Amino acid sequence: MLGPSLSVEPEDEVMEKGADSSPPAAIGADDKAPMDEIRQVETNNVRPACFKSTFQEVLFVLTATMAIAMGSLMIGSVTVTSSFIGKDLNMSTAEITWISSANSLSSGAFLLFFAKVADLFGRKTLFVGSLFIFSVFALAAGFAKSAIALDVLSGLMGLTCASAVPPAVGLLGIIYEKPSKRKNYAFACFSAGNPLGFVFGTIFGGVATNLFDWRASFFLMAIIFLVFTAIGIWTIPKDFTPKEPLTLETLKTFDLVGVVAIIFGIGMFSAALSLGETAPQGWKTGYVLALLIVGLMLLIGFVLWDLWVEYPLIPMGIWKDRNFSMCLGILVLGFMAFTPGVFFIALYFQDVMHLSALMVAVRLLPMAIMGMIVNIFAGLVLHRISNKLLMLVATLSYSGAFLLLAVNRHDTSYWALCFPAFLLLVIGADLEFNVANMYVMSSMPPSQQSIAGGIFQTVAKLSMTVGFSLAVVVFNAVQKNPRMSSYWDKTTQPYAAALWMAAACSILSVCLVPFLTLGTQGGNEKETSPPSTDDGESSVETVQVSGEKQAQAEAMVAQALPTEG
């Protein structure tokens, strides 16, 4: 309990920012303590008090990770089964890509809406309900009999992804409120959900399709998320942040105009990008132009509205932070490359090399293994190594990976180009995601942690949709008129062109890294070597405390992490 005594119980947390910020230095001291008392306090590297055991904490972080893995798990599964789904349901290449695009489109459009709902009305119920509803839609997708039905269900699954991620991010943000080593570990695991969800989706989809058929992959997803629904009910702690009653005053702070503008703006803009290549008259088709223009106008109107309104959905001032903007810019270019790039190399394995779903999954397996290693590494070094350097390594890894895949040919050995490319891909994806996610979540207060996660995920989903659209345009153009170098055979040229597009995005992201000024994130700035607790989880630090800052810190932690009882 936080109280007036001079001691601090192990469950209490003392958190300090990394090199780029200056939060309160300590908590938990006597209210009557002198203004500048120097004393030893425990750092924040202990288990949050809302968990009864480390086992419960680990299961909670794993459950939160499954929220971000929802969409990528489904997209990964579709990636290795796309040709089998297409043959069974008589789908064109554009209709197949819509399975993934519909998921990203609906998820990206509604993320900020559900983020606001989570911040205002509570996170746990929304999170657990989303896990359950996702499993229901996945079960229904397994029984789909037409391309339209599967695309619609994919969009509904994307909707549940949108409702699951913000409360999961928000809960992580208030439980691990300040940058710390423990927060690094938790967010490294959470960040792994996106790339590893994709890779394990390919494995699960490949195995299930090989043993049964493509429908079994959706049934498997339904079972997985039903299990995590049960786990979440037990492990997810109560959201202690203040809730708002559903009143007229609350609706005024909800920014309904902004919500409507962002939902329809992103939805129309993304739909135009996805439909442009397959419309009867291409990009000149009337409804495509209408969707594109109206979508852009709504997005511009949303920005102008939130600059003026008293309670904005997104505090636009956050974009003045150069590191915030640059981190998201780098992430956008990375996702524009990663998702369509991996989709088309997997489709190449299926359509050109005629590999089974299981064999495609086996070829993508190194990504899963490397992903585990990279995320463990990220959790250990975010507070030790310059994050600007980590971003440089990530963008260079992305660029090298797609250059290797772009020059791949039908007769090239898998071990010569694809294998090292897949390893580099995961290094790029995981390092970028960890650094950007940590910075974005640390840039906003506890009351807006779900909005912070919503901004992050909206940008990621929208960039995936844009990347898919560009890749499809390039693929179809080269497929109709294969005029690339004779280095590639005509069958390979469309896939190579899509991968060159991904390489271009990756190389462009390298150019943004010099504008970052990031140092380390998390950990403690000044540590001494006094004693530690028996479990080695907490360290002791000598700090100088002012009464005002101390009181502020106590209030923040009492709100975010009240002890039981």
In Å², nearest 10: area of Leu462 left accessible to a 1.4 Å probe:
40
Could you report region 117-220's accessible area per residue, 1.4 Å probe, as an integer in Å²?
28
Would you mind getting me the FRET efficiency between Lys480 and Tyr287? Use the beta-carbon distance for r and R0 = 22 Å, nearest 0.05.
0.45
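For region 270-412, rounded, prolate or oblate, judged on the Cα gyration tensor with a ≥ b ≥ c (square roots of eigenvalues), a/c < 1.5 rounded, else prolate if a/b > b/c?
Values: a/c = 2.81, a/b = 1.17, b/c = 2.39.
Oblate, since a/c reaches 1.5 and b/c is not below a/b.
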Net charge of Cβ neighbours under 15 Å - reference His410; Lys, Arg +1; Asp, Glu -1:
0
So what does Ser356 come to for accessible area, using a 1.4 Å probe and Å² rounded to 10?
40
So how much accessible area does Val257 have, in Å² to the nearest 10, using a 1.4 Å probe?
80
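Just by accessible area at a 1.4 angstrom probe, what is the order of Met367, Met297, Met372 from largest to smallest?
Working: Met367 0, Met297 130, Met372 95 Å².
From most exposed to least exposed: Met297, Met372, Met367.
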Here FRET efficiency (C-beta to C-beta, Trp234 to Lys320, R₀ 35 Å, nearest 0.05) is 0.25
Accessible heavy-atom area order of Leu112, Leu62, highest first, probe of 1.4 Å:
Leu62, Leu112
Heavy-atom accessible area of region 163-217 with neighbours in place, 1.4 angstrom probe: carbon+sulfur share in percent works out to 69
What whole-number value in Å² describes the accessible area per residue of region 318-462 for a 1.4 Å probe?
31
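The values are calculated or read from the model by the stated rules, or taken from the named source; none is laboratory data. Not measured: the values here are computed from a predicted model. Positions of Cβ are generated from backbone atoms using ideal geometry, with glycine treated the same way; all protein chains shown enter the neighbour counts. These accessible areas exclude ligands, DNA and RNA; they are computed on the full protein's heavy atoms, side chains included. Shrake-Rupley method; radii C 1.70, N 1.55, O 1.52, S 1.80 Å.
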